Amino acid sequence: MFLLQAPQVRDTEVFTRMPDRYRRIGERSDWADANRGGQPTDSFLEGPVFDSAGNLYVTDIPFGRIFRIDPKGDWDLVAQWAGEPNGMKFLDDKELLITDYRNGLMACDIAGGTVRPWLERRNSERFKGVNDLVFDSRGNLYFTDQGQTGLHDPTGRLYRLRKEGGLDLLLSNVPSPNGVALSPDERVLYLAVTRANAVWRVPLLDDGSVAKVSAFFTSYGPSGPDGLAVDQKGRLVVANPGLGLAWVLNQRAEPECVLRSCAGASLTNVAFGGPQRKTLYCTESISGSVLRAEMDTPGLDIHRAA
């Protein structure tokens, strides 16, 4: 009889916290009114991604900001605009591509801080509220359109924007699509489905379609899976706000390791960085902290559009 071994449980450590000079203490925001029940929210971190020099970029959703954090943990404001930025990936060495809940897909020049529209609408229709994104090795972009969907309204969407420009609607029945990540062979897309408290497994077929989509992993608690990352063994790392955990799952969705937040329960997203990409960095959104833990396996390389 096969017996599942208990996963290793490890604590994270604080790498850095948002400096007080950047915290918007006492300020209301439309985003916090809708998503935090009007609770005071001086920042809400998301979207971690590294540049080639080892700097970490994060978004601050309610106040429309992007920050750069250097390897020592020092913060610098890169951009600010009337948006609600969430996930980010690099288009090239000069620009970030951002899922902006309010405006659609936006591009940010990291040197000058200017932000421009990149894909605002589909067939003249606004998105519900885009959330996260990932490029494959061919330059195709997968992104989620979450809005306020959930079990009461399972109409969230998963899109693929092909490198040559065609926009494909792959799924339109998702109750809160959130983080996205690709398997090492890019034949499977993992999709965090927050309000169903699950991660879906989405096979990507040779003809460009999807089929036999299934629930790969089921969590529990007040808020389900959010940001995702994959390591070179093909293990999936799942940020789970509400529990303050990051699950490290093998190909059978069995937890091999559980990382615990040391600074609050809202562990929203994850990214590999540091030497050999063997350090996992986690955004803890409510406290405005970035946590980290050393891992035994490097993360996959993050692809760009160009």
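Remarks
- Some residue of the range 10-23 being in contact (Cβ under 8 Å) with a residue 24 or more places away in the chain, among the basic types (K, R), within 20 Å of L267 (Cα to Cα) and not in a strand (DSSP E or B): yes
- Residue that is nearest to S219 (Cα to Cα) [pool: residues in the range 172-195 that are touching a Leu at 6+ places or on another chain (Cβ under 9 Å) and surrounded by fewer than 21 Cβ atoms within 10 Å (Cβ to Cβ)]: P175
- Within the range 242-265, the set of residues being among the small types (G, A, S) and out of contact with any Asp or Glu (no Cβ under 6 Å at 6 or more places or on another chain) comprises G242, G244, A246, A253, A265.
- Residue count for the range 1-54, restricted to those that are in contact with a Ser or Thr (Cβ under 8 Å, 6 or more places away or on another chain), of a type in the set (S, T, N, Q) and under 24 Å from T149 (Cβ atoms): 2
- Put simply, of P85, P40 the only residue that is touching a Gly at 6+ places or on another chain (Cβ under 7 Å) and at pLDDT below 95 is P40.
- The residue pairs whose first member lies in the range 291-304 and is within 8 Å of T279 (Cα to Cα), whose second member is aliphatic (A, V, I, L, M) and surrounded by fewer than 20 Cβ atoms within 10 Å (Cβ to Cβ), and whose beta carbons are closer than 9 Å, counting only pairs six or more residues apart or on different chains, are R292/V14.
- D33 passes every criterion in (1) touching a residue at least 24 places away in the same chain (Cβ under 8 Å); (2) farther than 23 Å from L141 by Cβ apart from (1).
- Condition check for T144: more than 21 Å from I302 (Cβ to Cβ) and either of a type in the set (A, V, I, L, M, F, W, C) or modelled with pLDDT of 95 or more (or both): no
- Among residues of the range 232-267, those that are under 15 Å from the mean Cα position of the chain (by Cα) and in a strand (DSSP E or B), counted: 9
- Test: residue in the range 206-224 that is modelled with pLDDT of 95 or more, in contact with a helix residue (DSSP H, G or I) (Cβ under 8 Å, 6 or more places away or on another chain) and in a loop (DSSP other than H, G, I, E, B): yes
The values are calculated or read from the model by the stated rules, or taken from the named source; none is laboratory data. The shown structure was predicted, so the numbers you read here are calculated from the model rather than taken from an experiment. Reconstructed Cβ throughout: ideal geometry from the backbone, glycine too, with neighbour counts over all protein chains shown.
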